[in-house]
1. Past 32 Å, Cα to Cα: identify those pairs from B:Lys123/C:Lys131; C:Lys107/D:Lys204; C:Lys131/D:Lys2, in the order given.
2. Does chain C come out rounded, prolate or oblate by the C-alpha gyration tensor, with a ≥ b ≥ c the root eigenvalues, rounded set by a/c under 1.5 and, if not, prolate when a/b is larger than b/c and oblate if not?
3. Could you let me know the centre-to-centre spacing of segment C:287-303 and segment A:139-199, using Cα atoms, in angstrom?
4. Considering only the other residues whose Cβ falls under 11 Å of the Cβ of C:Ala10, what net charge follows from Lys and Arg at +1 and Asp and Glu at -1?
5. Would you mind telling me the antiparallel percentage of the DSSP bridges in the protein assembly as shown, rounded to 5?
6. Look at the axis of the rotation that sends chain C onto chain D, then give the chain C residue with the nearest Cβ and the distance in whole Å.
7. Taking θ = phi - 60°, what integer Hz values does the Karplus form 6.51 cos²θ - 1.76 cosθ + 1.60 yield along segment D:125-133, in sequence order, with x for Gly and Pro?
8. Tell me, how many Å apart are the Cα centres for segment A:64-137 and for segment C:185-256?
Amino acid sequence: MSDLLNVAWARAWVQASAAVVGKNRMALIDLDRAIGDGDHGENLDRGFTAVLAKLEAAETATIGDVFALVAKTLMSTVGGAAGPLYGTAYLRAAKAAPAETVDAAGVADILEAAVGGIVARGKAELEDATMVDAWSPAAEAAREVATSGGSARAALAAAATAARTGAAATEPLIARKGRASYLGARSQGHRDPGAESSALLLQAAVEAAEASHG
Amino acid sequence: MSDLLNVAWARAWVQASAAVVGKNRMALIDLDRAIGDGDHGENLDRGFTAVLAKLEAAETATIGDVFALVAKTLMSTVGGAAGPLYGTAYLRAAKAAPAETVDAAGVADILEAAVGGIVARGKAELEDATMVDAWSPAAEAAREVATSGGSARAALAAAATAARTGAAATEPLIARKGRASYLGARSQGHRDPGAESSALLLQAAVEAAEASHG
Amino acid sequence: MKKLINDPQAVVAETVDGFAAAHADLVVSSGDPETLFVSRAGGAVAGKVGLVSGGGSGHEPLHAGFVGRGMLDAAVPGAVFTSPTPDPIMAATKAADGGAGVLHIVKNYTGDVLNFETAAELAELEDITVKTVVVNDDVAVQDSLFTAGRRGVAGTVLVEKIAGAAAERGDDLDSVAAIATRVNENVRSMGVALTACTVPHAGKPSFDLDDDEIEIGIGIHGEPGRERIPSASADEITEQLLTAVAGDLQVASGDRVVLLVNGMGGTPASELYIVYRKARALLEERGAEVTRSLVGNYVTSLEMQGASITVLRLDEELLALYDAPVHTPALTWGA
Amino acid sequence: MKKLINDPQAVVAETVDGFAAAHADLVVSSGDPETLFVSRAGGAVAGKVGLVSGGGSGHEPLHAGFVGRGMLDAAVPGAVFTSPTPDPIMAATKAADGGAGVLHIVKNYTGDVLNFETAAELAELEDITVKTVVVNDDVAVQDSLFTAGRRGVAGTVLVEKIAGAAAERGDDLDSVAAIATRVNENVRSMGVALTACTVPHAGKPSFDLDDDEIEIGIGIHGEPGRERIPSASADEITEQLLTAVAGDLQVASGDRVVLLVNGMGGTPASELYIVYRKARALLEERGAEVTRSLVGNYVTSLEMQGASITVLRLDEELLALYDAPVHTPALTWGA
Ligand SMILES: Nc1ncnc2c1ncn2[C@@H]1O[C@H](COP(=O)(O)OP(=O)(O)O)[C@@H](O)[C@H]1O
Ligand SMILES: Nc1ncnc2c1ncn2[C@@H]1O[C@H](COP(=O)(O)OP(=O)(O)O)[C@@H](O)[C@H]1O
Ligand SMILES: [Mg+2]
Ligand SMILES: [Mg+2]
Ligand SMILES: [Mg+2]
Ligand SMILES: [Mg+2]
């Protein structure tokens, strides 16, 4: 098992993403029902189902090719806030990974690019109780591992852990972006659905890495 | 206590009617909810409340005067099927009692006139599961008492008992008139609300007679 | 029971108040609680046959929503689900009379029939000629000499629209009555309820339905329907309703029809269009042409969730009258 | 959950199918599930500014019900309560373009704003000039730099109506956008829910309300509102909504306004008129004149029971544009 993550990993990540989103469809709907409009799980499920179908038929020479396919498909099938935000995240990630493999630094590059895309579109800051609260610490954690010489898998694992912590940390926050912000203080005590789905996707990336023999 | 029933009795009957209808408003609504549209108790309560107000202000020289006031007021405040039917019943009853007092035969005359009015308007026959099933046996029972020399009060009491039995006897019937007839066989097992209110009104007549010293 | 109301006894009066204020360009309320009715702003049209309808409230926009040029001259709202008494019907008849007589359009319920009957007698005493057409389009009820007969439901709107156009073009009373009768003879309806409704003064639902049950052949007064069946898909329910309606009307290949999908008050428009889609397809399968369509809340049962399907077979004259201009709070087209 | 639907995933497609068939004289559906939109029958009007709106479905008749002469040129329905993606918005923009540019009327939700933003960029690539007006009339939400800002709710209908009339009279893109902005600046809304609604694919209510609770400041997506209070009378609730709306708009004596009382989908018309009655009285108490009125279901939340109150301050030009003819499935007046 090489230290690098390759195209097969990227494809496996997509498959694992579709699976985890399908499995958590209702849980994400319920999170969104509490402080939003109850469609987040449905939106992502519709999107990743479409991605999966497209991926099977597609040739992907680089990791970026995989992400670009994800980006375009999510953008054109998810809708809502999550569609453009996740779409832009994967689009920037695609641009950051125009290669067949990535190392730990590459993983950090991908995640930082993703965060940059989300912030560019959504203008959210940390602790606004959005998906940024999962992706941003994830990118930071990956960069730390990369800087201290860890492996790509280690970077990914650290990212997933940080995302999970970040998602949980949205619970006490007052939402300041997205639909939950309409609730003001009543949004406190609820986990942001987009942060939760982000943590699930990064966990899927780790599982894909464990399963893949790059 | 004379054997005759007088104007004071007729007025007391109206008061007792308003009271018993008010007390049974919800029960009549519930009977009507089961096989109709749930307004019978409300309709009669509105009507007798209006009657009571009018009666207080009205001079009534004869029993017929009282019934005519009831007829006109019910006709113009109850609406629905019960309004015109009860209205016509009291109108015919008024014409049958143009005197200050009635004896047992007079009671039978009143009830027969009422039945005639209901049938003239509603075209229902016995066992169609309508108010006719209460009034018709009531009139018959009163006539029997009168023919066999009983008192006015006895005639009234027999009428009330027969009406009560007649109302209960609507339960197994398939309704063939009024709103319940839309249900066909599903109307079986339910007491007709109009038959029930009729039995209550005749019971009120008995109570008024017991209380009044004609 | 949660409702946007104040005193349950004041629901009708306050509704009519708000309605008349909102549509003051089209209608006016008598204002008198004893003889409450709504009539055209500007009063009776001289020489035109007057059209009066009415019945229990709770079916809005029926009937007051259809008062205006090309449709009704006056509407009489009773208490919720309770026919009005003769006095306001009589007052409305007077207000609607332009000297050419008045047509009463009455839905076939014992209460409506009896109260309009008395009002017509009172009107005759004042030398107003009244004719009455009783609407009975509901195929859910078996017609028989031994029952109150079929109920008048959403087909009433089409009777009022088309008879209104006939009156507007100058037909005399007999002709307007004949047109109304022809519409009634060619229109059939049937409905379904997913939920019951709650009459304000009763405070509880008109019937109880389980979460997985629906009531087929529902009336518009929260009366229970023909049968209770397990919940089904929109297409299945639509097929059941449409089959009964088209069967009874004997819709044949080549027939031109109006298809009215009516909401019972609490149904989202999207669901009505889903029902419409299937009903139209089924009519087309039978070779009929859906020449005109109405989809929306026309004859409701308060907040009941459900819908009814109405089919009217057209002839050239009925189509022309249907298309004639109408300007009322709830139905507007043409110049 | 009881609904007149088939496959929950097919609700929008089947609704649009039925809608386009029922109103074929006015609108046409793209039919393509990948780029689903509804546009005027007859296509874009050469030389006229095109008006495109859209957003999640479930608010019917918004937006497709307002496609037609004098109002929108195209409407893009997303999945239920989910903004559409850029592709259908782009396709609708193309279909609406008569060479004079296209105005996007967007309700202020992150998803709508982002997806319309991308579509506008795509349109620019094809040399279609696009301007965007974001509607944010909901006073229930505190506006602030640190939130997503106020939501667009029922006021959207008035923006679409009046901007549509401006486009129809031949205004250029900048002018139409300026008119739309002026309407948005002068319109405020707030709503109440008595019950929640159930998104078909979710299968459960969007929130849980006790039998004696209502939700004030509700959004139109089943989002919970500003606060939950004990159930109250229609007059009390209306006063709370109207006070917030009129206060924020600073309605002053002598103001002429449009009063729109909007049903959330499951509310009987009678209740809307009861709310209208009180809202009108309160506006008149403030010395305002209710110059025009709309009462009915315009911007709904599926089968939710509840209502919203919208007040638009008029000037001479806005009133003339409001009165201009409109011919759409859900709004029709004038020649
Ligand atoms: N401005 C924003 N920046 C970052 N993330 C956002 C923003 N607005 C919304 N989100 C994310 O989108 C999620 C909601 O997605 P979804 O439910 O699919 O869309 P919608 O809110 O349109 O229904 C939120 O939980 C949040 O994480
Ligand atoms: N044709 C008829 N003949 C006699 N009684 C009738 C007839 N139709 C209805 N009724 C009586 O009227 C009662 C219903 O009254 P009510 O509920 O007030 O009127 P509605 O049916 O118009 O709502 C029935 O229970 C029945 O007793
Ligand atoms: Mg959402
Ligand atoms: Mg009844
Ligand atoms: Mg009744
Ligand atoms: Mg959404």
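1. C:Lys107/D:Lys204; C:Lys131/D:Lys2
2. Since a/c reaches 1.5 but b/c is at least a/b, the shape of chain C is classed as oblate.
3. Centre-to-centre (Cα) distance: 51 Å.
4. It works out to a net charge of -3.
5. 55 percent
6. Nearest-to-axis residue on chain C, with distance in whole Å, is C:Gly266, 2.
7. 4, 9, 6, 9, 7, 10, 10, 10, 10
8. One Cα centre to the other: 51 Å.
A short reminder: the numbers here are calculations on the coordinates, not readings from a lab. On a predicted model such as this, the values are computed, not experimentally measured, just so you know. All Cβ positions, glycine included, derive from the backbone under ideal geometry; neighbour counts span all protein chains shown.
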